[in-house]
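The next block holds one structure in the form of C-alpha cells; read it before the comments.
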Amino acid sequence: TGAWALPLPTLDPQIVARSAAALERYGPDFRYRHYAAVRHLPVALGGTAAVGAAALLAQIPPARRWLMSRWEPGQGPDAERRARSWFSVRFVGEGGGHRVFTEVSGGDPGYGETAKMLAESALCLAYDELPARAGQLTTAVAMGDALLSRLQHAGIRFRVADSRRITDGE
C-alpha cells in the first residue's frame, strides 16, 4: 500500500472473526487484520509515542483528571468544521487468485456518519425483512446486506477501487 502499517488495538478483529465464523460466505480460510496506514515514518513513530503516552497517563489518577478536564461536554467541533470533515477506510482482500481494494467513505465520522449508522441500524432492525436469528449477533449476521443498502442510500459510499490478479511475485 506504500505506507507504514500500525496495528490498531480495537475490538474490530474479534467482531469480524465472529461474523466470519457465523456466515459461510466468508469461507473456511478467512483471516482479518487491520492497521492504520501512515505515509511517513516520523508520523508513525510520533503517533505511536503519543498514543502510548496518553494510555500511560490515563492510568495515573491526577494525570487522568487533567486529561479529562481538557474538554468539557458540548465542546465538540462546530457545524462548519463537521461539514469539512470526512473519513475513508480502505480494505484489501485476497481470494481466488485476486487482490481487491475497496473503500468505505463519507462525511464527519464523529457525529454525522455515526448518527447515520446508528439510525439506519435501528430502522433496519425495526422495518426490514431480516433472517430469523437470535442471541448475541454481530451487525453482519443480524442485518448484513439490508443495512449495507440503507447506509448507501444514506450517503455512505462503498466502492471497489481496484482488482488485480495475484502473480507469483506478490
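Filter region 1-31 down to the residues that are of a type in the set (Lys, Arg) and over 16 Å from Val92 (Cα atoms) and list them by number.
Arg18, Arg25
Do we have any residue at all in region 34-44 that's in contact (Cβ under 8 Å) with a residue 24 or more places away in the chain, part of a loop (DSSP other than H, G, I, E, B) and among the basic types (Lys, Arg)?
Yes, because at least one residue in region 34-44 is in contact (Cβ under 8 Å) with a residue 24 or more places away in the chain, part of a loop (DSSP other than H, G, I, E, B) and among the basic types (Lys, Arg).
Among the residues of region 53-67, how many are exposed (fewer than 10 other Cβ atoms within 10 Å of the Cβ) and in a loop (DSSP other than H, G, I, E, B)?
Adding up the residues that qualify gives 1.
If you check Val89, Val104, Val100, which single one turns out to be within 20 Å of the chain's Cα centre (by Cα) and touching a residue at least 60 places away in the same chain (Cβ under 8 Å)?
None of the others qualify; the one that does is Val100.
So which residues in region 91-132 are at pLDDT 90 or above, outside any strand (DSSP E or B), closer than 28 Å to Asp162 by Cβ and open to solvent by less than 40 Å² (accessible area, probe 1.4 Å), if there are any at all?
Matches in region 91-132: Gly107, Asp108, Gly112, Glu113, Glu120.
Sort through Gly27, Gly76 and tell me the only one that's touching a residue at least 12 places away in the same chain (Cβ under 8 Å) and under 20 Å from Pro109 (Cα atoms).
It is Gly76.
The values are calculated or read from the model by the stated rules, or taken from the named source; none is laboratory data. Quick caveat: nothing in here was measured; it's all calculated off a predicted structure. Positions of Cβ are backbone-derived with ideal geometry, glycine not excepted, and every protein chain shown enters the neighbour counts. The accessibility values were calculated without ligands, DNA or RNA, using every heavy atom of the protein model including side chains. Shrake-Rupley method; radii C 1.70, N 1.55, O 1.52, S 1.80 Å.
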